[in-house]
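Written out below as structure tokens is the structure these notes cover.
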Amino acid sequence: MKRRSGLLVATAVLVAVLGAGGLYGGVLGELRSGGGTATAASRPALDADPLTLPLAGGTAATVARLEREVRGNPGDAGRLGELGLAYQLRWRETGDPSFLPLSERALQAADDARPHDAGATLGLGNLALIRHDFRRALALGRAARRRAPFAERPYGVVGDALIELGRYRQAFATFDRMTAVRPSLASYARVAYARELIGDRSGAAAAMQLALDAAGGSPEPTAWAHVELAKLALGEGRIESTSEHVRAALAIFPGYVLALEQKARVDAARGRLGAAIVTARRAATAVPLPQFVALLGDLLERQGHAAAAARQRATIMAIDRVLAANGLRVDLEAAVFRADNDIRPVETVRLARRARAERPSIYGDDALGWALARAGRCAEAEPWLDRALRLGTKDALLYFHRGYAAGCAGDGRAMRAWYRRALEQSPAFSVRWAPVARGALE
């Protein structure tokens with residue numbers, strides 16, 4: 001689940017800024033304008049793929065410059081679009097969700113000023129992905145595709161939305177079309193994720209290697225691709241390979257928060273809990289989002305610091321409230337977190353059921369099944385957890401959840417079989433739950 005969130009935030013919002021003309025990429029890298037008369041100097045250059053280009057200047061400084069320019073010319077749709085995307089980049093860099101309403105206002109103003117232009121539409125679609133509003137993202141992605149039928153990027157937004165809505169056949173066909181239109185980091189990364197979902201982990205790694213090659217050595221895209229390769233390796237228990245990719249990511253992009261998260265997991269897998277806590281704390285301090293804070297809390301719990309771990313859990317609850325106040329739908333992630341920590345089980349089941357209705361994917365099924373199992377409603381949990389495995393996904397955490405439900409239902413033999421399968425897939429699949437599975441088998 002965390003891996004998918006990372007894909008949406010990191011792939012869909014990889015936006016590069018170059019030069020005075022404001023060259024933007026990410027999901028908008030090669031969009032062409034579907035209408036309007038703006039010159040190249042007044043709107044993002046949308047023909048190239050700046051995922052492979054270095055970030056020029058600080059994003060905060062770029063935001064300040066664009067804000068000044070928009071104040072001077074509030075009707076400049078191009079600058080408004082650039083500003084909206086820059087706010088999304090600031091969200092990705094800082095974890096501050098207050099940038100997202102700012103992005104929405106700027107992009108909506110750009111769309112109002114030039115309603116037939118695909119750029120602002122797709123920027124809004126990308127924002128909907130960030131907010132986990134996948135039905136809106138799908139509608140906006142399709143609108144952008146109609147306005148720019150020969151561009152690659154709208155297929156990414158459409159496919160991402162379809163994945164989260166559980167419409168896998170359509171999503172995979174969309175990613176195939178995206179790659180046919182233009183092979184790139186963004187398209188290869190999505191092919192990799194599709195292959196991972198159907199259990200083809202070697203095929204996923206091959207596609208992600210192509211994504212790494214497509215990054216062309218540009219620091220953040222290259223670091224991001226290394227992190228995704230690290231996750232694939234960790235998901236198969238290949239700790240040394242995971243560590244190599246993490247080192248490569250941090251060498252090209254020192255302090256990269258997604259790489260720090262994986263470094264902490266590698267340290268934990270090697271039994272170096274103190275080092276893992278130090279690294280996880282760096283990540284959570286740099287970008288205080290739930291995935292980083294939760295990892296820190298789990299590590300603290302593992303080392304016996306129960307009070308400190310409880311403080312991290314309280315922090316996550318507060319962060320979730322702030323995210324929701326800024327338009328992010330975090331029900332699914334919150335339901336899993338609450339189920340993990342046995343927080344108000346009846347309320348958590350309701351939350352998970354609502355989340356699954358919004359995101360009827362395999363991970364929506366898993367979230368509901370896990371919440372039911374942790375609430376002691378084991379017979380109800382098992383069918384949902386079976387559905388979560390319907391694609392053949394080789395995800396050790398899904399196996400663990402299925403085993404937990406079996407044990408909860410009184411089938412100890414099935415529980416042990418699923419736990420063994422989880423640990424064979426990845427001995428360090430979870431800081432919190434891998435030791436539980438290992439203890440049950442011992």
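The values are calculated or read from the model by the stated rules, or taken from the named source; none is laboratory data. On a predicted model such as this, the values are computed, not experimentally measured, just so you know. Don't worry about glycine lacking a Cβ; one is built from the backbone with ideal geometry, like all the others, and counts go over all protein chains shown. Side chains included, ligands, DNA and RNA excluded: accessible areas come from the protein's heavy atoms. Shrake-Rupley method; radii C 1.70, N 1.55, O 1.52, S 1.80 Å.
The table that follows gives values for the structure above.
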{"quantity": "Near pairs, Cβ below 6 angstrom, 6+ apart or cross-chain, from the range 237-261 (polar (S, T, N, Q)) to any residue that is assigned to a helix (DSSP H, G or I) and open to solvent by less than 40 Å² (accessible area, probe 1.4 Å)", "calculated": "Ser241/Ala233; Thr242/Ala230; Thr242/Ala233; Thr242/Leu234; Thr242/Val266; Ser243/Val266"}
{"quantity": "Every pair of residues 6+ apart whose Cβ atoms lie under 6 Å, when the first sits in the range 385-401 and is in a loop (DSSP other than H, G, I, E, B) while the second is modelled with pLDDT of 95 or more and open to solvent by 40 Å² or more (accessible area, probe 1.4 Å)", "calculated": "Leu391/Ile198; Gly392/Ile198"}
{"quantity": "Number of the condition not met by Val330 [criteria: (1) more than 27 Å from Ala259 (Cβ to Cβ); (2) open to solvent by less than 60 Å² (accessible area, probe 1.4 Å); (3) not polar (S, T, N, Q)]", "calculated": "(1)"}
{"quantity": "Hits in the range 125-180 (condition: hydrophobic (A, V, I, L, M, F, W, C) and touching a residue at least 60 places away in the same chain (Cβ under 8 Å))", "calculated": "Leu129, Ile130, Phe134, Ala144, Ala148, Phe150, Ala151, Val157, Ile163, Leu165"}
{"quantity": "Complete set of residues in the range 147-168 that are modelled with pLDDT of 95 or more, open to solvent by 10 Å² or more (accessible area, probe 1.4 Å) and either more than 24 Å from Ala357 (Cβ to Cβ) or among the polar types (S, T, N, Q) (or both)", "calculated": "Tyr155"}
{"quantity": "Close pairs (6 angstrom Cβ cut-off, 6 or more residues apart or separate chains): of a type in the set (A, V, I, L, M, F, W, C) in the range 109-120, surrounded by fewer than 18 Cβ atoms within 10 Å (Cβ to Cβ) anywhere", "calculated": "Ala113/Gly75"}
{"quantity": "Qualifying residue in the range 374-392 (condition: of a type in the set (Lys, Arg), out of contact with any Ser or Thr (no Cβ under 8 Å at 6 or more places or on another chain) and within 29 Å of Asp160 (Cβ to Cβ))", "calculated": "yes"}
{"quantity": "Selection within the range 91-130 - crowded, with 18+ Cβ neighbours inside 10 Å and of a type in the set (Gly, Ala, Ser)", "calculated": "Gly95, Ser103, Ala106, Ala109, Ala110, Ala113, Ala118, Gly119, Ala120, Gly123, Gly125, Ala128"}
{"quantity": "Test: residue in the range 335-342 that is within 22 Å of Gly199 (Cβ to Cβ), at pLDDT 95 or above and of a type in the set (S, T, N, Q)", "calculated": "no"}
{"quantity": "Test: residue in the range 323-331 that is closer than 30 Å to Gly203 by Cα, in contact (Cβ under 8 Å) with a residue 12 or more places away in the chain, outside any helix (DSSP H, G or I) and within 18 Å of the chain's Cα centre (by Cα)", "calculated": "no"}
{"quantity": "Flag for Ala189 being open to solvent by 10 Å² or more (accessible area, probe 1.4 Å), at pLDDT 95 or above and under 27 Å from Ser218 (Cα atoms)", "calculated": "no"}
{"quantity": "Scope the range 261-273; condition touching a Leu at 6+ places or on another chain (Cβ under 9 Å) and either of a type in the set (Gly, Ala, Ser) or closer than 26 Å to Ala324 by Cβ (or both); matching residues", "calculated": "Glu261, Ala264, Ala268, Ala269"}
{"quantity": "Scan of the range 421-435 for residues that are assigned to a loop (DSSP other than H, G, I, E, B) and either crowded, with 21+ Cβ neighbours inside 10 Å or not hydroxyl-bearing (Ser, Thr, Tyr) (or both), ordered by number", "calculated": "Ser426, Pro427, Ala428, Phe429, Val431, Arg432, Trp433"}
{"quantity": "Residues (part of a loop (DSSP other than H, G, I, E, B) and surrounded by fewer than 21 Cβ atoms within 10 Å (Cβ to Cβ)) located in the range 235-252", "calculated": "Glu236, Gly237, Arg238"}
{"quantity": "Gln170 being among the polar types (S, T, N, Q), part of a helix (DSSP H, G or I), out of contact with any Lys or Arg (no Cβ under 9 Å at 6 or more places or on another chain) and closer than 30 Å to Val330 by Cα", "calculated": "yes"}
{"quantity": "Flag if Ala352 is over 30 Å from Glu240 (Cβ atoms), under 24 Å from the mean Cα position of the chain (by Cα) and among the aliphatic types (A, V, I, L, M)", "calculated": "yes"}
{"quantity": "Residue in the range 196-206 that is closer than 30 Å to Asp320 by Cα, in a helix (DSSP H, G or I) and touching a residue at least 12 places away in the same chain (Cβ under 8 Å) present", "calculated": "yes"}
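Here is a yes/no grid of residues against (1) β-branched (Val, Ile, Thr); (2) outside any helix (DSSP H, G or I); (3) open to solvent by 30 Å² or more (accessible area, probe 1.4 Å); (4) in contact with a Pro (Cβ under 9 Å, 6 or more places away or on another chain):
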| site | (1), (2), (3), (4) |
| --- | --- |
| Ala294 | no, no, no, no |
| Arg311 | no, no, yes, no |
| Thr315 | yes, no, yes, yes |
| Ala318 | no, no, yes, no |
| Arg321 | no, no, yes, no |
| Ile343 | yes, yes, yes, no |
| Thr348 | yes, no, no, no |
| Ala352 | no, no, no, no |
| Ala355 | no, no, no, no |
